Amino acid sequence: MAFSSGGSNNAVSDINITPLVDVMLVLLIIFMVTAPLVQSGIKVDLPNAQAPAMPAGSDDKVRVTVARVDANNPNSAVGVWVGRDQVTNDTLGARLLRDPVVQRDHEAFIQADESVPYGNVVRVMGIMRAAGVNKLGIVTDPLVSQ
């Protein structure tokens, strides 16, 4: 009885993709866990409205937020943020005039907490208009049917 050693000495040319799949699954899990943590912005209780979704590509637009400084206290002062930077009504116009996206597109979005008085929101909208914002989008939460 003779046993063979299995054939020739040729190297196996198949690619082992198991390590690649393992790395990709680990990266997928990392991105799934960190994505909710990366969302930036100020916590705002937006009013509900029946309106279409924001257009694609609007993430690069300037977003002005009007909300309570202390979200847990309905009697706290009202603050204004451009992106994540808090500004005052006096410095908001200058901040928007320096922003290249606003000056290029003359467009911005405003989001206001539902508990903020209407007068505060209108004042901020007036400052934005004076700073060259001709197209103003209002951010709301989608209306949920009950």
Q: Please specify each residue of the stretch 36-82 satisfying the condition of being modelled with pLDDT under 75, polar (S, T, N, Q) and under 18 Å from Gly137 (Cα atoms).
A: Asn48, Gln50, Ser58
Q: Output the number of the condition that Val116 fails; it satisfies all remaining conditions of (1) farther than 21 Å from Asp60 by Cα; (2) surrounded by fewer than 18 Cβ atoms within 10 Å (Cβ to Cβ); (3) touching a strand residue (DSSP E or B) at 6+ places or on another chain (Cβ under 7 Å).
A: (2)
Q) For the stretch 119-128, how many residues meet the condition of being surrounded by 14 or more Cβ atoms within 10 Å (Cβ to Cβ) and either without any contact (Cβ under 8 Å) to a residue 24 or more places away in the chain or on the phi > 0 side of the Ramachandran plot (or both)? A) 1
Q. How many residues does the stretch 105-145 hold that are assigned to a loop (DSSP other than H, G, I, E, B) and under 15 Å from Val87 (Cβ atoms)?
A. 2
Q | Count - residues of the stretch 70-85 that are surrounded by 13 or more Cβ atoms within 10 Å (Cβ to Cβ) and either out of contact with any strand residue (DSSP E or B) (no Cβ under 9 Å at 6 or more places or on another chain) or without any contact (Cβ under 8 Å) to a residue 12 or more places away in the chain (or both) | A | 2
Q) Restricting the search to the stretch 69-104, which residues are closer than 27 Å to Val38 by Cβ and assigned to a helix (DSSP H, G or I)? A) Leu92, Arg95, Leu96, Arg98, Pro100, Val101, Val102, Arg104
Q. Out of the stretch 92-115, which residues are more than 21 Å from the chain's Cα centre (by Cα) and aliphatic (A, V, I, L, M)?
A. Ala94, Leu97
**Q.** Hits in the stretch 86-107 - residues which are surrounded by 14 or more Cβ atoms within 10 Å (Cβ to Cβ), aliphatic (A, V, I, L, M) and in contact (Cβ under 8 Å) with a residue 24 or more places away in the chain
**A.** Leu92, Leu96, Val102
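The values are calculated or read from the model by the stated rules, or taken from the named source; none is laboratory data. Computed from a predicted model, the values in this text were never measured in an experiment. Glycine also receives a Cβ, built like all others from the backbone with ideal geometry; neighbour counts cover every protein chain displayed.
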